[in-house]
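The values are calculated or read from the model by the stated rules, or taken from the named source; none is laboratory data. These figures come from a predicted structure and were not determined experimentally. Cβ placement follows ideal geometry from the backbone for every residue including glycine, while neighbour counts extend to all protein chains displayed. Heavy atoms of the whole protein, side chains included, go into the accessibility calculation; ligands, DNA and RNA do not. Shrake-Rupley method; radii C 1.70, N 1.55, O 1.52, S 1.80 Å.
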Amino acid sequence: AQTVTQSQPEMSVQEAETVTLSCTYDTSESDYYLFWYKQPPSRQMILVIRQEAYKQQNATENRFSVNFQKAAKSFSLKISDSQLGDAAMYFCAYRSAYQLIWGAGTKLIIKP
Amino acid sequence: NAGVTQTPKFQVLKTGQSMTLQCAQDMNHEYMSWYRQDPGMGLRLIHYSVGAGITDQGEVPNGYNVSRSTTEDFPLRLLSAAPSQTSVYFCASSYLGSYNSPLHFGNGTRLTVT
């Protein structure tokens, strides 16, 4: 069965600096999709970025980018120029067919 | 567009009571699903549906029932609530055309069973 591991329960970063959140997964499949979602205190789940496993190029969305290492089964999220509004729980998720498998989340704290 | 609408936002039940969490989406998504979120565990899939009349179990289906009579609605039923079902519940939907399609989430229901 697929599993997703986020090894950092909590991370903190100074405002305007860069932070990287880690995610590793385990799968025997070759075709799948990976996502990062953000959950602010409002509880709303917000898509941050997504990556197709067949694409070698790392996805980028403004200040958010990923480092996708398929062989290592690693999918880290880099947030550049951190802002106070980035404070939230961040979840990594693996999707194959009809199910998403989620990591336990990383709480990101932004220090002003 | 309203997106995914979940009701209620909060609910307190006593052990053994039953209730239905409502979920409706207006995006014509084929895929709908229910998750529960517990501290330190991320989200876990309860049930999902790929279209009207089609449902299937996820990772933690015990104690929950679902049905999908229309494309828009996907209610989650707790037949006999237990304290272990205290959690935050999310409904989510997406297109089925590609597994790259992101999930659209409702705002969640915080359920407490005493």
For A:Lys55, list the aspartates and glutamates whose Cα falls under 20 Å from its own Cα; do not include residues on the same chain fewer than 8 positions away.
-> A:Asp26, A:Glu29, A:Asp31
Exercise: per-residue mean of other protein chain Cβ atoms within 10 Å, A:98-109 | 5
From the cross-link list A:Lys107/B:Lys9; A:Lys78/B:Lys9; A:Lys38/A:Lys107; A:Lys78/A:Lys107; A:Lys38/A:Lys78, which pairs have alpha carbons spaced over 21 Å apart?
-> A:Lys107/B:Lys9; A:Lys78/B:Lys9
Beta bridge orientation in chain B: antiparallel %, DSSP, nearest 5 = 90
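Whole number please: convex hull volume per residue of the Cα set in the protein assembly as shown, in Å³?
About 124 Å³ per residue, rounded to a whole number.
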Suppose every K and R has +1 on its Cβ and every D and E has -1 on its Cβ; what is the size of the dipole of segment B:1-101 about the Cα centre, in Debye to the nearest 20?
-> 340
Percent of C-alpha pairs per 5 Å bin, chain B, short to long = 2, 13, 24, 26, 19, 10, 4, 1, 0
Order of exposure, largest accessible area first, which applies to B:Thr86, A:Thr27 with probe 1.4 Å | B:Thr86, A:Thr27
Judged on accessible area alone, 1.4 Å probe, highest first, B:Val12, B:Val66 line up as B:Val12, B:Val66
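With a cut-off of 8 Å between alpha carbons and a minimum separation of six or more residues, what is the relative contact order of chain B in percent?
Averaging sequence separation for qualifying contacts and normalising by length gives 35 percent for chain B.
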Expressed as a whole-number percentage, the relative contact order of chain A with C-alpha contacts under 8 angstrom and at least six residues apart is 37
Kindly report, to the nearest 10 Å², the accessible surface of B:His104 as traced by a 1.4 Å probe over protein heavy atoms only.
-> 80
How many percent of the alpha carbon pairs in chain A exceed a separation of 25 Å?
-> 16
Convex hull volume of the Cα atoms in segment B:53-103, per residue, in Å³?
-> 104
Over what distance in Å are the Cα centres of segment A:71-112 and segment B:77-92 separated?
-> 25
Kirkwood Rh in Å, taken over segment B:15-79 so that all alpha-carbon pairs contribute = 12.3
At a probe radius of 1.4 Å, what is the per-residue accessible area of A:Lys38, in Å² to the nearest 10?
-> 30
In this structure, the FRET efficiency calculated for A:Ser42 and B:Thr7 from their beta-carbon separation, with R0 = 22 Å, to the nearest 0.05, is 0.85
